[in-house]
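The values are calculated or read from the model by the stated rules, or taken from the named source; none is laboratory data. Please read all numbers here as calculations on a predicted model, not as lab measurements. No Cβ is skipped: glycine too gets one built from the backbone with ideal geometry, and neighbour counts run over all protein chains shown.
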Amino acid sequence: MIKVVNQHWIRILHIKFGWVQDFDKIVFKYVKYYFYIYFVKSFQLLKVLKGHKDRVTRVRFSSDGSKLISSSLDQIVRIWDVVSGRQIQTFKGHSDRVNSANFSPDGNTAVTCSSDGTIRLWDVKSGRELMKFEENLNSVFDVNFSPDGKSIVSSSSDRKIRLWDANSGKEIKKLVCRLSAASSVEFSPDGKMVVTAFEDATIGLSDVKSGERLKELKLHFFIVLCARFSPDSQFIVSCSRDNTIRIWNVNSGKLLKILWKNVEDVTFFPDGQIIVSCSSDGTIRLWNVKTWSEIQRLENYQSLTCLDVSPDGALIASGTNNATIQIWG
């Protein structure tokens, strides 16, 4: 269709072909812009997963989208088959609430952390505990693998951000930190940075190689619950107890937009064009990154605690305060 339009313009207006090639790009951007406003998939509740006995603290898809891992205040980590909704594995060993759980990039290993002061690695297929990290960690709030699966980053109540060797379980280094505990911590998709959401209302960007602080984002005014990178590592989306979602430019540190909503968790879709948030008011909201407009709202009347998007963007998983997990698609 674009070629037909171009040929017509060339015949009628004798426009130089070089400019028309630029016109291709303009039309593409125009079509893409309106596609994300008007033709975003309409999500509906597909299934409810039941098995936990207390609040769900984290849900994460595996890299191939076939499995979901969930952690809970009930001290048990569960693995679910996404298509059937069937529970296929449990990890038992933590002696206090499990705050976070994530798959390794290859999906064969899972990492979990708990208020019992430990980080643990598990074999996904057998359910066997592979390793336990114990370094006077106090409560461990969050834990994530690096994109290459070789390192793990953690945050704990002793106000330290640690990098670990995933094979040996040995601490590699401590990142420069603030005098505040961190609610969430994760690697950038390119593996070069770590973003940390702090309870003192700041967000920290650190260099993985040197361990030094690169930037500090300070415009929230209450506890930052989470901070997530965009798929291209160029932006960060954060949410806070100040009832805002904020989007930041990584290179400049500049705040780009504020959305005023009560939010518990937020993340980017895999294409980076949409962000999705969940709230204790029972709603999941999808937002267009270009227009900052709400493009869809899902309601289920249950207090939501966490969410994730499948790698292909086709599914959303949400955890609730009443121990259930919902799959939307």
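Taking the condition touching a strand residue (DSSP E or B) at 6+ places or on another chain (Cβ under 8 Å) and within 18 Å of ARG60 (Cα to Cα), does GLU264 pass? Please lay out each step first, then the result.
Working: touching a strand residue (DSSP E or B) at 6+ places or on another chain (Cβ under 8 Å): yes; within 18 Å of ARG60 (Cα to Cα): yes.
Yes, satisfied.
Can you name every one of the strands (runs of 3 or more DSSP E) wholly within segment 154-208 that holds 1 or more residues which are under 28 Å from ASP123 (Cβ atoms) and touching a residue at least 24 places away in the same chain (Cβ under 8 Å)?
Details: elements: 161-165, 171-175, 182-187, 193-198, 203-207.
Ranges flagged: 161-165, 171-175, 182-187, 193-198.
Can you go through LYS209, LYS160 and tell me which one is of a type in the set (Lys, Arg) and surrounded by 16 or more Cβ atoms within 10 Å (Cβ to Cβ)?
On the way: LYS209 fails: surrounded by 16 or more Cβ atoms within 10 Å (Cβ to Cβ).
Result of the check over LYS209, LYS160: LYS160.
Which one of ILE258, ILE236, ILE245 is farther than 17 Å from VAL195 by Cβ and in contact with a strand residue (DSSP E or B) (Cβ under 6 Å, 6 or more places away or on another chain)? Show your work before the answer.
Details: ILE236 fails: farther than 17 Å from VAL195 by Cβ; ILE245 fails: farther than 17 Å from VAL195 by Cβ.
Unique residue meeting the criteria: ILE258.
Name the single residue, out of those in segment 218-228 being aliphatic (A, V, I, L, M) and surrounded by 24 or more Cβ atoms within 10 Å (Cβ to Cβ), that is nearest to VAL195 (Cα to Cα). Step through it out loud before you land on a result.
If we filter segment 218-228 for residues that are aliphatic (A, V, I, L, M), which is where we start, we get 219, 223-225, 227.
Now drop any that are not surrounded by 24 or more Cβ atoms within 10 Å (Cβ to Cβ), which leaves 224, 227.
Details: VAL224: 12, ALA227: 7 Å.
Here the residue is ALA227.
Determine if segment 251-262 includes at least one residue that is within 26 Å of SER72 (Cβ to Cβ), modelled with pLDDT of 95 or more, charged (D, E, K, R) and surrounded by fewer than 21 Cβ atoms within 10 Å (Cβ to Cβ).
no
Given the options LYS261, LYS290, LYS257, LYS215, name the one that is in contact with a Gly (Cβ under 7 Å, 6 or more places away or on another chain) and farther than 30 Å from GLN87 by Cα. Don't jump to the end; show me each part of the working.
Numbers: LYS261 fails: in contact with a Gly (Cβ under 7 Å, 6 or more places away or on another chain); LYS290 fails: in contact with a Gly (Cβ under 7 Å, 6 or more places away or on another chain); LYS257 fails: in contact with a Gly (Cβ under 7 Å, 6 or more places away or on another chain).
From the options LYS261, LYS290, LYS257, LYS215, the qualifying one is LYS215.
Using the structure shown, decide if ILE258 is among the β-branched types (Val, Ile, Thr), assigned by TED's automatic domain parsing to the domain that holds VAL195 and free of Cβ contacts under 8 Å to residues at least 24 places away in the same chain.
Working: among the β-branched types (Val, Ile, Thr): yes; assigned by TED's automatic domain parsing to the domain that holds VAL195: yes; free of Cβ contacts under 8 Å to residues at least 24 places away in the same chain: yes.
Yes: the conditions hold for ILE258.
Look at ILE15 and say whether it is at pLDDT below 65 and assigned to a loop (DSSP other than H, G, I, E, B).
Working: at pLDDT below 65: yes; assigned to a loop (DSSP other than H, G, I, E, B): yes.
Yes: the conditions hold for ILE15.
Name the one entry in TRP292, TRP248, TRP287 that is more than 16 Å from the chain's Cα centre (by Cα) and aromatic (Phe, Trp, Tyr).
Values: TRP248 fails: more than 16 Å from the chain's Cα centre (by Cα); TRP287 fails: more than 16 Å from the chain's Cα centre (by Cα).
Just a single option satisfies the conditions, and that option is TRP292.
Quick check on this structure: which one of ARG241, ARG228 is closer than 24 Å to SER100 by Cα and touching a Ser or Thr at 6+ places or on another chain (Cβ under 7 Å)?
On the way: ARG241 fails: touching a Ser or Thr at 6+ places or on another chain (Cβ under 7 Å).
Only one candidate qualifies: ARG228.
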